[in-house]
Amino acid sequence: MQVLVRDNNVDQALRALKKKLQREGVFREMKLRDHFEKPSVKKAREKAEAVRRARKLARKHAQREGLILGKSGKR
C-alpha cells in the first residue's frame, strides 16, 4: 500500500493511509487475529456476517425499486 506525501503534509498522508487501511479491512483483521477464535465461533460469525450483507443488499434493491422508503424518507 502506498500513500504519497505532498508538500511535507504528513498528517494528511496519515489520514489517507488510515482510510485505505480501514477500507481494506486491515484493522478488523488485526482485531480478529488478536485472540484465537474457535472454529465453531468463526463459522457462526461468518454466517451472521453473510446474513447481514444479504439483508443490506436486499434492502438497497427494495429502495431502488421504490418498495420501501430510503434514508431521506423519499421514494
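A short reminder: the numbers here are calculations on the coordinates, not readings from a lab. Bear in mind the structure is a predicted one, so any value in this text is a computation, not a measurement. Neighbour counts are summed over all protein chains in view; Cβ atoms, including those assigned to glycine, are modelled from backbone coordinates with ideal geometry.
Scanning the stretch 13-30 for residues that are basic (K, R) and either more than 28 Å from Q2 (Cα to Cα) or surrounded by 10 or more Cβ atoms within 10 Å (Cβ to Cβ) (or both) yields R15, K18, K19, K20, R28. Taking helices (runs of 4 or more DSSP H) as the structural unit, those lying wholly within the chain and holding at least 1 residues that are small (G, A, S) and out of contact with any Cys (no Cβ under 7 Å at 6 or more places or on another chain) correspond to 10-24, 39-65.
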